[in-house]
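As structure tokens, the structure follows; a few thoughts come after it.
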Amino acid sequence: MKDLLILMESHPYKKIKSIIVYCKFQYETDMISKFLRDNNITAKGYHSGLPAKDRIRIQESFCSNKIRVVVATVAFGMGLDKGDVGAVIHFSVPGSLEEYVQEIGRAGRDGRLSYCHLFYEADTYLKLRSLSHSDGVDEYAVGKFLTHVFSSETKQHEKICSLVIESASHKFDMKEEVMQTILTHLELGEVQYLRMLP
């Protein structure tokens, strides 16, 4: 993160009013945005695990230049109507070339000179290769999903609730198959934490 701060404080980045920093995982957005705020840079984290009202508020604040930097997962930028994004920084390597091109395309839509920067660590190749053979689910997303599944306003031991897998998949950045696998383990494990109805 220190290198990101050095970049943000260097020319030309220190004068750019609107910057998007893309991260691979949700937990990184919170960690990096806090680090930037601690170093006097107005920044907010954005990912699909946030409540919709928070995502809307962050996007509106960014579009009205109240927030200089949005640190986000791929969830940010779709439908973004802000032409003066001056820089896109990738804190980690995107999952594909198409994803990278789409994300850097959010800079310079006003026709002005814009900048893109990609941070790359030596072990990134091995990590990406590993993720390409898995669903790349991070602990933070699983935790948010489980909190959602087991949250209850009542103190009852049993409750019936519905879960629309398709919308939950988008909300928690997880594939439907992964969510089904987690729920199945909770149902069929030594302790039956839940029972899925047909």
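Among the criteria (1) under 20 Å from Arg37 (Cβ atoms); (2) in contact with a Lys or Arg (Cβ under 8 Å, 6 or more places away or on another chain), the one Ser64 does not fulfil is (2). Scan segment 84-103 for residues that are surrounded by 14 or more Cβ atoms within 10 Å (Cβ to Cβ), more than 22 Å from Leu36 (Cα to Cα) and not aromatic (Phe, Trp, Tyr) and the total you get is 3. Of the candidates Leu113, Leu183, the single residue that is of a type in the set (A, V, I, L, M, F, W, C), modelled with pLDDT of 80 or more and not assigned by TED's automatic domain parsing to the domain that holds Phe76 is Leu183. Among the residues making up segment 21-78, those that are surrounded by 15 or more Cβ atoms within 10 Å (Cβ to Cβ), assigned to a loop (DSSP other than H, G, I, E, B) and within 13 Å of the chain's Cα centre (by Cα) are Cys23, Lys24, Phe25, His47, Ser48, Gly49, Leu50, Thr73, Val74, Ala75, Phe76, Gly77. Each residue in segment 104-120 was checked for being surrounded by fewer than 17 Cβ atoms within 10 Å (Cβ to Cβ) and either of a type in the set (S, T, N, Q) or in a loop (DSSP other than H, G, I, E, B) (or both), and 8 pass.
Note on segment 60-110: residues that are more than 16 Å from Lys44 (Cα to Cα) and among the aromatic types (Phe, Trp, Tyr) amount to 1. Look at segment 30-58: where a residue is modelled with pLDDT of 95 or more and a partner is charged (D, E, K, R) and assigned to a loop (DSSP other than H, G, I, E, B), sitting 6+ places away or on another chain with Cβ atoms under 8 Å, you get Ile41/Arg68; Thr42/Lys66; Thr42/Arg68; Ala43/Arg68. Residues of segment 129-173 that are in contact with a helix residue (DSSP H, G or I) (Cβ under 6 Å, 6 or more places away or on another chain) and at pLDDT below 80: Asp135, Val137, Asp173.
The values are calculated or read from the model by the stated rules, or taken from the named source; none is laboratory data. The model shown is predicted, which means the values in this text are computed figures rather than measured ones. No Cβ is skipped: glycine too gets one built from the backbone with ideal geometry, and neighbour counts run over all protein chains shown.
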